[in-house]
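Data first, discussion second: the structure below is written as structure tokens.
Read-outs throughout are calculated quantities, based only on the coordinates presented, and are distinct from any laboratory measurement. The shown structure was predicted, so the numbers you read here are calculated from the model rather than taken from an experiment. Here the Cβ positions follow ideal geometry from the backbone for every residue, glycine too, while neighbour counts run over all protein chains shown.
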Amino acid sequence: MAESRFTEILTASSEHLLKVLYQAASQPGEPGADAGRRSEMTAKSLGIRHGQLICAIGFNRHIDTLPDVLGLLGFAGAADIYRLRDRIFTQDIYRHLRLREILAIYHQMALDHPPQAAMQELVAVRLDHLEGYIEKSVSTHCIERYRAELRAVYAEPAVSVEFAEKRLAREDSGFRAIANEIFLIAESRLIPIGDLFFRDSVHPEEKRRLIARGLVPKDLVTSRLDEAIPESEREALEAALTDLT
């Protein structure tokens, strides 16, 4: 029930969102009148968590044109609910928001063409927070959810080439390896495979796996081998070519 209600609110039209919240709110809200308490009571009435309600409404594409909805919850304007939404979305570790709800948010983000820069920054902050948690906890359960989430980030797509470029620019490729992110970037076609394959920032092992997956044409591999490249990369590429024969 909670999941279906979350999706209903997240994707609702202006009219339907207003109807749902009028039915759930115990009394009309006043801007600034204890928004936290009003939104918590409304969430309880709807049978969902407070964080679910804030993110479902906050990521609804129509919310900035619905002052009546914001007033019902006691928020003075869209900026107020956005601040709370951003904090919950970026800091939550699958507690207030389940994986399925996170994936639904990414799908909603992907409806914007191109994806909004502000939304992509939220995704970047969230992933940084998740990775920091994983480094400390080494939680297998969290790692699996992180992998699924990252797949959705590129598959929808909820991000642009600039997002992928920033991820590739990071010197530590440990989390790229955990999620096979290099495959996700390649398969998303955000960056052409030739460009991706010839980058020094892409680890030799990542390149070997791209070849093994059949994502790199053989002529690109031989062209790369004709260049002055580190010995570790040369060995990886030659081994990959051997495996193909």
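Things worth noting here:
- Cα gyration tensor category, rounded, prolate or oblate, for segment 97-191 with a/c compared to 1.5: oblate
- Contact order relative to length of the chain, as percent, for alpha carbon pairs under 8 angstrom and 6 or more apart: 14 percent
- Here the translational diffusion coefficient of the chain follows from Stokes-Einstein with Rh set to the Kirkwood radius across Cα pairs; for 20 °C and 1.002 mPa s it amounts to 107 µm²/s.
- Segment 213-245: GluC sites (Glu not before Pro) in DSSP coil with no more than 14 other Cβ atoms inside 10 Å: 227
- In order through segment 183-195: 3J(HN,Hα) via Karplus (6.51 cos²θ - 1.76 cosθ + 1.60), integer Hz, x for Gly, Pro: 5, 4, 5, 5, 6, 6, 6, 5, 10, x, 4, x, 4
- Cross-link partners for residue 218 among the lysines, with Cα-Cα distance under 17 Å and sequence neighbours closer than 8 places in the same chain left out: 207.
- In sequence order, calculated HN-Hα J values of segment 227-241 (Karplus, 6.51, -1.76, 1.60; Hz; x Gly/Pro): 8, 7, 10, x, 4, 4, 6, 4, 5, 5, 5, 5, 5, 5, 5
- Radius ratio Rg over Rh of segment 52-136, counting only Cα atoms, Kirkwood formula for Rh: 0.98
- Fluctuation leader among 221, 69, 138 - the chain, Gaussian network, Cα springs under 10 angstrom: 138
- Between residue 199 and residue 171, the contour length at 0.36 nm per residue exceeds the Cα-Cα span by 8.8 nm.
- Expected 222 nm ellipticity per residue - DSSP helices of 4 or more, -39500 (n - 2.57), all of the chain, to 500: -20500 deg cm²/dmol
- Farthest toward positive dipole pole in the chain [+1 Lys/Arg, -1 Asp/Glu at C-beta], among 212, 137, 78: 78
- Charge dipole (debye, nearest 20) of segment 118-234; +1 at Cβ of Lys and Arg, -1 at Cβ of Asp and Glu: 360 debye
- A Cβ-based charge dipole, computed about the Cα centre of the chain with Lys and Arg at +1 and Asp and Glu at -1, lands at about 900 debye.
- GluC sites (Glu not before Pro) restricted to segment 135-208 and DSSP loop, no more than 11 other C-beta within 10 Å: 171
- Positive dipole terminus of segment 97-191, leading residue within 125, 160, 103 (C-beta point charges): 103
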